[in-house]
1. Of the conditions (1) closer than 17 Å to V21 by Cβ; (2) in a helix (DSSP H, G or I), L64 satisfies every one except a single condition; which number is it?
2. Step by step: first the residues of the range 288-308, then only those that are of a type outside the set (A, V, I, L, M) and touching a residue at least 60 places away in the same chain (Cβ under 8 Å), then the one that is nearest to V350 (Cα to Cα). Which residue is that?
3. Can you pull out every residue in the range 304-319 that is surrounded by fewer than 22 Cβ atoms within 10 Å (Cβ to Cβ) and polar (S, T, N, Q)?
4. Could you tell me whether any residue of the range 61-79 is more than 20 Å from G146 (Cβ to Cβ) and surrounded by fewer than 16 Cβ atoms within 10 Å (Cβ to Cβ)?
5. Could you grab me the full set of residues in the range 96-139 that are surrounded by fewer than 15 Cβ atoms within 10 Å (Cβ to Cβ) and within 30 Å of R161 (Cα to Cα)?
6. Do we have L37 as modelled with pLDDT under 85, out of contact with any strand residue (DSSP E or B) (no Cβ under 8 Å at 6 or more places or on another chain) and surrounded by fewer than 22 Cβ atoms within 10 Å (Cβ to Cβ) here?
7. Identify, by number, the condition in (1) at pLDDT 90 or above; (2) surrounded by 12 or more Cβ atoms within 10 Å (Cβ to Cβ); (3) within 48 Å of the chain's Cα centre (by Cα) that A91 doesn't meet.
8. Just to be sure before I move on: is A172 modelled with pLDDT of 90 or more and outside the structural domain of L97 (by TED's automatic domain parsing) in the structure I sent?
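The values are calculated or read from the model by the stated rules, or taken from the named source; none is laboratory data. These numbers come from a predicted model, not from an experiment. Neighbour counts are summed over all protein chains in view; Cβ atoms, including those assigned to glycine, are modelled from backbone coordinates with ideal geometry.
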Amino acid sequence: MPSAGTAAVIGVSAFSSIVAVAFASSGRYRDGSSALLDMVCLLALTAVAASLIWRRRWPVAICLGASAVALVLPLDAFASLVALTWVYAQARHRTVLLCTGASVVAVAVSLGRDLAREGEAVIFSTTIQETGERFELMPIGYAIIGVLMVAGAVAVGLVRRYRTDARAARDAATAEAKQAAALRSQADHLRTELSRQDERELIAREMHDTVAHHLSLVSLHASVLEVTADDPGVDVGASARSMRGEASRALDEMRTLIAALRTAGDGLAEQYAGPAPRLADLPGLVDDARRAGVDIGATVFVDQGDSAPPALTRAVYRVVQESLTNAMKHGPGGRVDVEVRARPGNGVDVVVHNALAQSQGLGAASSGGTGGAGLIGMRERVEALDGTFSAEAQDGRFVVRAHLPWVGSPV
């Protein structure tokens, strides 16, 4: 069922064409051919008017078709102008120019026919009843009417094109907003996954650096006890207590990890990591290794250690701890030298070197200097704080060097 607007447009188009045909017919000699032409005109104007139902779907075809009919038959160009408004709303510029030209020609021809007729056959004319004097529209008037008709159609078409573009822009903005929301959702998901990956890596590093260190000390104590168990001068009880203490600390680390993995929440990694070790804890770390039988020499110089950021102190402590673990694992019985110098503004420099074991040299070389899990973990810790890290064989010794920035001015 056509809408009220469509019905009105069809009615006006049919009425204006009927008026044009009627006036054209009144100026012709009445015979059989004239009646046939009137019938053809009636069928044509009906078809043209009815075609306006699809003016939104096929505006170009209707505009060109109506213009062509107006050129051949004595119909007006109203239907062509109506379709032209939708051509402006939908078609490309070249098509718009083509249809505008066709409509202008159709309007000019239809008005030209009326201008060429005489007497009562002229539409734009009037007769004064008292005097019988007749007035017809001048050519300039026809030109003005034609310009106004085309200009009106173009103006309506431009308004419709603006509305169409505005609607398309709103639809595009809505689509972009939905796409942006989808991208934000994906970004949030990726950030969540990256955060979880960071947590897993932190737990892995803490697990490796702490538990492995304690187990290495247990192994070292057991090796010493195995060798010296029959020596009357050896305090077997003290060695056993040391082993029990290291084993207990390793078990505590394992229990902390298990408890953290059972606890939901985004702070799982930080919960497992616990309080950061202090720089002041480094001498205790060295003493533990020395009590386990490691031949170790240490130089630790720290200025204003209590003001160091927790992330920095944790990284320094774990680098020294893992370096000692590697030394005990790969070079048992060899000399280990530890040097740590830390000061605000100058940063923290860590150097640990021990007798080179074949496994250390081959491991570092085969992986391009990255080494195993321990070396990878140390490198990740240091580089996460914008520091530098290296682990390589030098002059028959395996040397670990790390520099971590410590922002601040020395007092």
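1. In the conditions (1) closer than 17 Å to V21 by Cβ; (2) in a helix (DSSP H, G or I), L64 misses (1) alone.
2. If we take residues in the range 288-308 being of a type outside the set (A, V, I, L, M) and touching a residue at least 60 places away in the same chain (Cβ under 8 Å), then D303 is nearest to V350 (Cα to Cα).
3. The answer is Q304, S307.
4. yes
5. L97, G101
6. Spelling it out, L37 is indeed modelled with pLDDT under 85, out of contact with any strand residue (DSSP E or B) (no Cβ under 8 Å at 6 or more places or on another chain) and surrounded by fewer than 22 Cβ atoms within 10 Å (Cβ to Cβ).
7. Against the list (1) at pLDDT 90 or above; (2) surrounded by 12 or more Cβ atoms within 10 Å (Cβ to Cβ); (3) within 48 Å of the chain's Cα centre (by Cα), A91 comes up short only on (1).
8. No.
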